[in-house]
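Only one structure is covered here, and it is reproduced in the block below.
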């Protein structure tokens, strides 16, 4: 087994994780790195580079998760890792409602419960197994509402492409760029899922403002926005994962998303969690949009 690849020594990487909240977590971190599948030979093909990058990313995230007690508990008991990357986002205010579209297994919900502990949380996830895990992770918390459905521009049903890595599942087909850049995200099956609009799923009359709307739907972002006209007329901000290149067939790209939200009174406030392709070009990021406040005109 080769343990040194392009200057990276795996046992040394495990040591560099260091103690995180105690000896037990240190051992868990070391185990996660050293238990990675053995590498038989040194390769420089695109697939290997993508896999190596993903492994290093997960190692760094593991350390951050283990350092926070609430995240560590969810990881050890349910196998769900919180989105620690969102700890770096500078949100413009506190929120009384958080809406998580594309909640998957509760990765963002765990972050939201810690960052905005007094907020009411709405989670939408269509995949049965992911929704089951989501329920296990946050479903018993007070002030949490879960719904097993996809969110889009119209109500009805659609075919969902289920990815080998289920958090990459999408109502759109993955492109060759997606498959080259992110290993194990090919579609292995498809299922029919119920679709709702946010305007139909959330009673805006009873909504506690301000709200934060998080959208992570693998290329279907603009369809979610189109079904939320009434909601977006309320006081809130958005955190949306969007792409600079087409990772899913027919998806709207970042410039289209920015233009659509600007037309509804939301300005781009920041970009975080930038992901680059193997050639260094930007592929996707999280976009933070804030409601534009128009000063009253004094006559």
Inset, instruction - Scan the range 141-169 for residues that are in contact (Cβ under 8 Å) with a residue 60 or more places away in the chain, in contact with a strand residue (DSSP E or B) (Cβ under 6 Å, 6 or more places away or on another chain) and surrounded by fewer than 14 Cβ atoms within 10 Å (Cβ to Cβ) and report the count. - result: 0
Inset, instruction - Check 278, 198, 274, 253 and return the single one that is touching a residue at least 40 places away in the same chain (Cβ under 8 Å) and either touching a strand residue (DSSP E or B) at 6+ places or on another chain (Cβ under 7 Å) or on the phi > 0 side of the Ramachandran plot (or both). - result: 198
Legend entry - Filtered residue count, the range 239-297, keeping only those that are outside any strand (DSSP E or B) and closer than 16 Å to residue 220 by Cα: 17
Inset, instruction - Would you point out the residue of the range 116-138, among those that are in contact with a helix residue (DSSP H, G or I) (Cβ under 9 Å, 6 or more places away or on another chain) and surrounded by fewer than 17 Cβ atoms within 10 Å (Cβ to Cβ), that is farthest from residue 191 (Cα to Cα)? - result: 136
Legend entry - Filtered residues of the range 160-206 (kept if touching a helix residue (DSSP H, G or I) at 6+ places or on another chain (Cβ under 7 Å) and within 30 Å of residue 234 (Cα to Cα)): 198, 199, 202, 204
Inset, instruction - Would you mind stating whether residue 112 is crowded, with 21+ Cβ neighbours inside 10 Å and either in contact (Cβ under 8 Å) with a residue 12 or more places away in the chain or part of a strand (DSSP E or B) (or both)? - result: yes
Inset, instruction - Could you tell me whether residue 244 is over 24 Å from residue 158 (Cβ atoms), assigned by TED's automatic domain parsing to the domain that holds residue 155, touching a helix residue (DSSP H, G or I) at 6+ places or on another chain (Cβ under 6 Å) and buried (at least 17 other Cβ atoms within 10 Å of the Cβ)? - result: yes
Inset, instruction - Could you check how many residues of the range 75-109 are part of a helix (DSSP H, G or I) and out of contact with any helix residue (DSSP H, G or I) (no Cβ under 9 Å at 6 or more places or on another chain)? - result: 1
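The values are calculated or read from the model by the stated rules, or taken from the named source; none is laboratory data. Since the structure is predicted, the reported quantities are computational estimates derived from the model, not experimental observations. A quick note on method: Cβ atoms are made from the backbone with ideal geometry, for glycine too, and the neighbour counts reach across all protein chains shown.
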